[in-house]
Amino acid sequence: MMQHTKSVLIVVVLTIVLIACGRPTVPDSYQTESRPPKVMPDYTDVTVPANICPLNFRVYEPGKQVAVRISVGDLQYTYGDGMKVLIDENEWSTLLEKAKGGNMKVEVFVNEGNQWKAYQPFSIHVAKEDIDPYISYRLIQPSYVAYGQLAIAQRNLTTYDETDIYNNALVITPETGQCINCHSYQNYRTDHMMFHMREGLPGTMIVEGNQLKKVDLKTPEIISAGVYPAWHPTQNLIAFSTNLIGQSFHTKDIAKVEVQDKESDLILYDVTKDEVFTVSNDSNELETFPTWSADGNTLYYCSAHFEYENDSLKDAEIINDYRNLHYNIYARDFNQQTHEFGERRLIYDAASENKSATLPRVSPDGKYMVFSLGNFGCFHVWHAEADIWLLNLETLEAQNLEALNSERSDSYPSFSSNGRWIMTASRRDDNNYTRPYIAYFDAQGTCHKAFELPQRDPEFYTLFLRSFNRPEFMTEPVGITPEQFAAEAKKDARKVKYKTAPND
Amino acid sequence: MTKGNTTKQRRTETRNPDKQTQTKQTPKYLTGGKWLPAVYAVLFAIFAYYMLAIKNADYLYAAQEHSLFLFDKSFFDMLMVKPGALMAYLGCFCTQFFHEPIMGVCILIAIWIITYFLTIKAFKLNGWWSVLALLPIGALLCSETIIGYWLYYNKNQGYWFAPSIALMINMLAIWLYRCFKDLNKWAELGMIVVWCVVGYWATGWLGLATTLVMGLTGITKAPKSRILPLLTAIICIVVVPLIAYQYYSQMRIDDAWWVGMPIFETENVDATRPWYPFIALIVILLVLGTLSFTTKKILLKSKETFLLIGLQLVCLASIVWCELGADFDDYNYHAEFRIYRAIDENRWQDALDEVAAVPGDPTREIIMLRDVALNRLGKAGDYMFKYNNMSIPPYVYDSLDVHMAQTNSPLVYLNYSRLNFATRWCIENSVEHGFSNDSYKILTRCALVAGEYELARKYISILKKTLYYKEWAERYEPMLENPKLIEESPELSFILEYYRHFSNMLDSDEGLVEMYLLNYFSNTMNKDSKQLQVTTLNFAVQSKDIEKFWPRFFLYAHLHPGEPMPIHYQEAAYLYGNLEHQVDISTLPFDQERIVNRYASFQQLSNSYVQQGKSAEEVGELMKPAYGDTFWWFYFFCRGLSSY
């Protein structure tokens, strides 16, 4: 009797295990569709790195069950969980390894009623070059003045693991909300990094090795504390813009909000000496978005020319003229020994084309610059027409990176540390929520179709109501814990000293 | 067989000694306690049902509208970021049943009744002592109805059920602990440690409180033997949150011991009143844990009997008294929920009927919602002054600053097609207080009208994962693929008509919804859309601005040839014509009886009161019964209103 019960139990357990591990079978007979299936995220014909986590997706075709065969040569696996395709991580690694420098073939079969349909297969290309294993971003609801639930998070691209670098829930109270923004790293490493905190417990958090310090970058001589940062690639220096930022609301346009700088300048902060000096503060120029060349000898930035007619009506003037603000890209040589800056020179003239160039970033080999180009203004995350452009720094010729772009806002581009991947913050999914898209940028300077940051659940982006802001590549995770940041955040910020610029 | 008979015989002898002897020799005891728990459970259930399902159904419906539960793992993951979050998750799950208030209330009462019996078990509150077990659930009943306008500022997800479920689980834990306690010392200590970890993870602060209760249990009986359990409990209470803090990146260290405790705070106000039930709950649990309750028989007519009966009365009376005190029964507050729901469901006339039923002065919110309904029905020109236009601020029991931007503004903005403002306040409020069914419904409609179909699809997908709004979402879903359905929808086509005729500009409402709408529409001129033009005229009339009124009035007359002129427009035109003589009104065909003659008598009466030396306020009050339904009365006497 006992023996019989035991046998039954074993059979039941095995059956459950088999059902749980069961794979869908690719049908023998089916109708064929002459088009690829509609899948979300759209991973059709994208190029991915060989160290990326599985590209799980959902099929949006009529039907209730999908069978997907992914193959590289004679190696093949089938998947299907309802209409979702959830790929085993180990099998995916094997597929990637085998397809490195080549392609994976993805065949999609959908069961609609009792009839199977086979869609035109698509490919996933696998590049030879890896991608940095980590990225970080700010997770923010697309709100305008409220900022509960703000976090800077880091994501392991080789897995789906995401952890908080810092979360404002660790310190905020109803009396003191806290905005956090503008995380930045020196040369993709996290032992020299920073981010800002505003409103509650304000200050700029600086990491130097294992040391943390919170500084107050506002001095009477400058218009605001540091805003948009750029760590010098080799020195303990951070270039910042200082900005007086305002926002107004569109009454009808689906762009919803217009963020403008009423004033902006550039400063340089010496992290070791806790000193700042002004780099540029022309009252008729709105200088912003500094970024360094790979060798650290040039500071690039954007600037728009704007002359106020009446100082007491600045707000009204800039709001009324919001469509006529056009930013160009400029460069200034930097002497790393004396910290002197050279004269500014025009790198990209967007204004002459009634366009506005923002957020420049230079490739690690120094050959290229990517930037976001829109019709006007500086806050392209809300500008649907904004696209990522590529500037050849030798010829100064620019081109639209069409493979990377969409009909919606594409902004905040950045290069991976090996220069082979370009990431952008894109609103192509729904025009409101920013998602990271990554494109392969090959050695010939050609950009390939971008893929959306993969998530374990393919429906993740539908339900997730926060934007991925300022996506940045990192070569390693941040070593400081959120609790350590929170403890430092509660301390008073150290005041920095203002000094005269070496040029003056 | 023989043995059985003998035993039975003995029992019978014991139970039925000589009756006469018993009456004389055996003392009378307080009896009937056996049935009391059941009686109290029924009484409490009836009282709770009355207070919730009958008195507060509109509020509870609004509670579930301001809550959210999604049948999706990501929703679970999103909530599980703090100790005690499991209760928030279960709380959100149960709150959705307030969509059918009776069902939600029945579930809540069932939880309370189970908790009641578990409390009896946990603290051995047998018989007459069982009344004490009503106190914890009585405190929770008070917490249900005490929050008032904090409903809109409530950050405690699952608030209406989470503490109740947490208490039920903790009472079960104390009962189990009692069982373990008697096994051996180590089992008892183990239970304290395990419950501190598990209880804290699952129920937050209440888990810690329960751990303390476990440590205190029986301390009055044998203080020395309780030192070790109490010490263990205290150490656990100190250490466990500190360890947890290292694993949760969304919890402040200051909150670690209070996590899960409902907190009502805004930037300027720290409300204490909604906290009272929970403070009471802690005190009751500690007292119940500390004291031991005798099970000995108590003689009738003894001092103890009177004390015990007194205890029954005090407990029952205090529950009733506290709940009646905690019940936020302001008429306007409840009316706002009913009117809001009617408008959300496009039951315009029902909304107006509710407005008409308000016994005193309504809030500005009610007036704004009324105007939305009148505007929808095209009746504003004839009816907007037929309703009471005087208003009072929303009733609050503390210094909570209620702003319409945080209460009804998204729905009002949606109906006036100020979609970006509706979206903005939906998002801002949701970021602060959590996304809700209500916010997703408004965001969906905004996105559909604005042509943001992918965005609308996102919100519809989310609503399809709810229990009660799935059907709502499926009604709108076909519009994603066939936008013509938006034009055919009576609800959305009205909003779309405005949207098409608006132009874009950069603007801000500065958080003052009513003033923004008044300024925007009364300053807008539009001849391409009759619907928009009428709205601009309505707002121009309300603005009491003569310069704005005339051009919109004549444009209305031009766009509506041959149609009767609504009565309030006539009243305004006749008044302004007589007041300023800027426009020759002699050729305008005013209604002789309702305008010309009535205005003459209005003037005559007001002059007579003025001649009697009455103040403007007194004149207004005296004339309200006869002329309170006119623009003239609104123009002269409806003053000093402040929006919020």
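In table form, for the structure just shown:
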item	result
Single residue of B:ARG376, B:ARG370, B:ARG475, B:ARG445 found to be more than 13 Å from every other protein chain (Cβ to nearest Cβ), surrounded by fewer than 24 Cβ atoms within 10 Å (Cβ to Cβ) and under 28 Å from B:TYR333 (Cβ atoms)	B:ARG376
Looking only at the range A:415-434, and only at residues there that are in a loop (DSSP other than H, G, I, E, B) and more than 17 Å from A:PRO142 (Cβ to Cβ), the one that is farthest from the other protein chains (Cβ to nearest Cβ)	A:GLY419
Failed item, numbered, when A:GLY148 is tested on (1) at pLDDT 95 or above; (2) under 20 Å from B:TYR248 (Cβ atoms); (3) in a loop (DSSP other than H, G, I, E, B)	(1)
Residues of the range B:364-391 classified as hydrophobic (A, V, I, L, M, F, W, C), at pLDDT 95 or above and either touching a Lys or Arg at 6+ places or on another chain (Cβ under 9 Å) or assigned to a loop (DSSP other than H, G, I, E, B) (or both), total	3
Selection count where residues are free of Cβ contacts under 8 Å to residues at least 60 places away in the same chain and within 12 Å of chain B (Cβ to nearest Cβ), scope the range A:158-177	9
Check on A:ALA146, farther than 24 Å from B:ARG424 by Cβ, without any contact (Cβ under 8 Å) to a residue 40 or more places away in the chain and within 14 Å of chain B (Cβ to nearest Cβ)	no
Scan of the range A:237-258 for residues that are within 14 Å of another protein chain (Cβ to nearest Cβ) and in a strand (DSSP E or B), ordered by number	A:GLY246, A:GLN247, A:SER248, A:PHE249, A:HIS250, A:VAL257, A:GLU258
Enumeration of residues in the range B:488-517 that are assigned to a loop (DSSP other than H, G, I, E, B), at the interface with chain A (Cβ under 10 Å from one of its Cβ atoms) and among the hydrophobic types (A, V, I, L, M, F, W, C)	B:PHE502, B:MET505
Breaking point among (1) modelled with pLDDT of 95 or more; (2) in contact with a His (Cβ under 7 Å, 6 or more places away or on another chain); (3) surrounded by fewer than 21 Cβ atoms within 10 Å (Cβ to Cβ), for A:ASP295	(2)
Selection count, the range B:461-491, where residues are of a type in the set (Lys, Arg) and touching a residue at least 60 places away in the same chain (Cβ under 8 Å)	1
Matching entry among B:VAL412, B:VAL402 (being within 20 Å of the chain's Cα centre (by Cα) and either buried (at least 22 other Cβ atoms within 10 Å of the Cβ) or among the aromatic types (Phe, Trp, Tyr) (or both))	B:VAL412
Positions within the range A:198-249 being on the phi > 0 side of the Ramachandran plot and among the acidic types (Asp, Glu), in sequence order	A:GLU199
Selection from the range A:435-458 of residues that are touching a residue at least 40 places away in the same chain (Cβ under 8 Å), within 13 Å of another protein chain (Cβ to nearest Cβ) and either closer than 24 Å to A:LEU359 by Cα or surrounded by fewer than 18 Cβ atoms within 10 Å (Cβ to Cβ) (or both)	A:ARG456
Positions within the range B:255-272 being surrounded by 18 or more Cβ atoms within 10 Å (Cβ to Cβ), in contact (Cβ under 8 Å) with a residue 60 or more places away in the chain and not hydrophobic (A, V, I, L, M, F, W, C), in sequence order	B:GLY260, B:PRO262, B:THR266
Residues that are closer than 16 Å to A:THR272 by Cβ and surrounded by fewer than 20 Cβ atoms within 10 Å (Cβ to Cβ), drawn from the range A:192-213	A:HIS192, A:GLU208, A:GLY209, A:ASN210, A:GLN211, A:LEU212, A:LYS213
Test: residue in the range A:259-276 that is in a strand (DSSP E or B), within 14 Å of chain B (Cβ to nearest Cβ) and not charged (D, E, K, R)	yes
Every residue from the range A:304-339 that is over 31 Å from the mean Cα position of the chain (by Cα), within 14 Å of another protein chain (Cβ to nearest Cβ) and assigned to a loop (DSSP other than H, G, I, E, B)	none
Extreme residue, nearest to B:LEU291 (Cα to Cα), among residues of the range B:205-257 that are part of a helix (DSSP H, G or I) and of a type in the set (D, E, K, R)	B:ARG226
Filtered residues of the range B:153-184 (kept if under 23 Å from B:LEU90 (Cβ atoms), of a type outside the set (A, V, I, L, M, F, W, C) and assigned to a helix (DSSP H, G or I))	B:TYR153, B:PRO163, B:SER164, B:ASN170, B:TYR177
Filtered residues of the range A:450-488 (kept if among the hydrophobic types (A, V, I, L, M, F, W, C) and either farther than 14 Å from A:HIS183 by Cβ or outside the structural domain of A:GLU402 (by TED's automatic domain parsing) (or both))	A:ALA450, A:PHE451, A:LEU453, A:PHE460, A:LEU463, A:PHE464, A:LEU465, A:ALA486, A:ALA487
Residue selected from the range B:68-95 under the condition of a type in the set (A, V, I, L, M) and part of a helix (DSSP H, G or I), by the criterion farthest from the other protein chains (Cβ to nearest Cβ)	B:LEU90
Test: residue in the range B:479-487 that is at pLDDT 95 or above, within 9 Å of chain A (Cβ to nearest Cβ) and assigned to a helix (DSSP H, G or I)	no
Those residues of the range A:264-285 which are crowded, with 17+ Cβ neighbours inside 10 Å and in contact with a Lys or Arg (Cβ under 8 Å, 6 or more places away or on another chain), in sequence order	A:VAL276, A:PHE277, A:VAL279, A:SER280
Residue check for A:TYR228: hydroxyl-bearing (Ser, Thr, Tyr) and in contact with a Cys (Cβ under 9 Å, 6 or more places away or on another chain)	yes
Members of the range B:449-472 found to be in a loop (DSSP other than H, G, I, E, B) and either at the interface with chain A (Cβ under 9 Å from one of its Cβ atoms) or surrounded by fewer than 19 Cβ atoms within 10 Å (Cβ to Cβ) (or both), listed by number	B:ALA450, B:GLY451, B:GLU452, B:LYS464, B:LYS465, B:LEU467, B:TYR468
Filter result for B:ARG418 (facing chain A (nearest Cβ under 8 Å), farther than 20 Å from B:ALA88 by Cβ, among the basic types (Lys, Arg) and surrounded by 22 or more Cβ atoms within 10 Å (Cβ to Cβ))	yes
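Residues are listed down the side, and each one gets a yes or a no for (1) modelled with pLDDT of 95 or more; (2) surrounded by fewer than 21 Cβ atoms within 10 Å (Cβ to Cβ):
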| site | (1), (2) |
| --- | --- |
| A:ASN156 | yes, yes |
| A:ASP161 | yes, yes |
| A:ILE165 | yes, no |
| A:ASN168 | no, no |
| A:THR176 | no, yes |
| A:ILE180 | no, no |
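The values are calculated or read from the model by the stated rules, or taken from the named source; none is laboratory data. None of these values were measured; they are calculated from a predicted model. For neighbour counting, all protein chains shown are included, and Cβ atoms are generated from backbone atoms with ideal geometry for every residue, glycine included.
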